[in-house]
Amino acid sequence: MSLQMVRFRTDSGTAADVRSRLARVFVALRAASPQDVVYTAYSSQPGQDFILALEMEEAAQNPLVGVPQASQLRDLISRAAGAPVLPEPFSVVGSYNS
């Protein structure tokens with residue numbers, strides 16, 4: 001399994017645009033229905049800090065690469081953060097589901 005995360009901060013004026021672009025990415029992913037993929041977006045309560053997490057069975061099968069809305073989101077994130085924000089690989093240390 002591959003787990004990649006992107007963390008970034010925006011200003012208050014850009015946060016709403018990031019949320020809007022994220023909604024478009026989720027619509028596109030639902031339409032494409034990629035298998036064995038979990039994509040989750042988190043926002044802090046003030047709403048300016050974001051974490052995007054992508055879990056995939058195989059790292060080579062990243063479904064976001066072919067989604068134009070994801071490319072537009074990456075461009076916006078780079079502008080909001082002041083530089084490109086690269087995904088970082090993570091490992092699951094533990095998990096609990098009830």
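The values are calculated or read from the model by the stated rules, or taken from the named source; none is laboratory data. Only a predicted model underlies this, so the values are computations on that prediction, with no experimental measurement involved. Glycine gets a Cβ as well: all are built from the backbone with ideal geometry, and neighbour counts include every protein chain shown.
For segment 25-40, the tally of residues that are at pLDDT below 90 and farther than 16 Å from GLN61 by Cα stands at 0.
Out of all the residues in segment 64-83, is one or more out of contact with any Ser or Thr (no Cβ under 8 Å at 6 or more places or on another chain), of a type in the set (Val, Ile, Thr) and free of Cβ contacts under 8 Å to residues at least 12 places away in the same chain? Scanning segment 64-83 turns up at least one residue that is out of contact with any Ser or Thr (no Cβ under 8 Å at 6 or more places or on another chain), of a type in the set (Val, Ile, Thr) and free of Cβ contacts under 8 Å to residues at least 12 places away in the same chain. Scanning segment 39-53 turns up one or more residues that are more than 11 Å from the chain's Cα centre (by Cα) and on the phi > 0 side of the Ramachandran plot. Cβ-Cβ below 7 Å, separation at least six or inter-chain, first residue in segment 18-39 and more than 11 Å from LEU64 (Cβ to Cβ), second among the hydroxyl-bearing types (Ser, Thr, Tyr): which pairs? Every condition considered, the pairs that remain are VAL18/THR10. Here the strands (runs of 3 or more DSSP E) wholly within the chain that include at least 1 residues being surrounded by 14 or more Cβ atoms within 10 Å (Cβ to Cβ) are 2-9, 37-43, 49-56. Given the criteria of a type in the set (Gly, Ala, Ser), in contact with a strand residue (DSSP E or B) (Cβ under 7 Å, 6 or more places away or on another chain), modelled with pLDDT under 90 and over 18 Å from SER2 (Cα atoms), does ALA81 qualify? Spelling it out, ALA81 is indeed of a type in the set (Gly, Ala, Ser), in contact with a strand residue (DSSP E or B) (Cβ under 7 Å, 6 or more places away or on another chain), modelled with pLDDT under 90 and over 18 Å from SER2 (Cα atoms).
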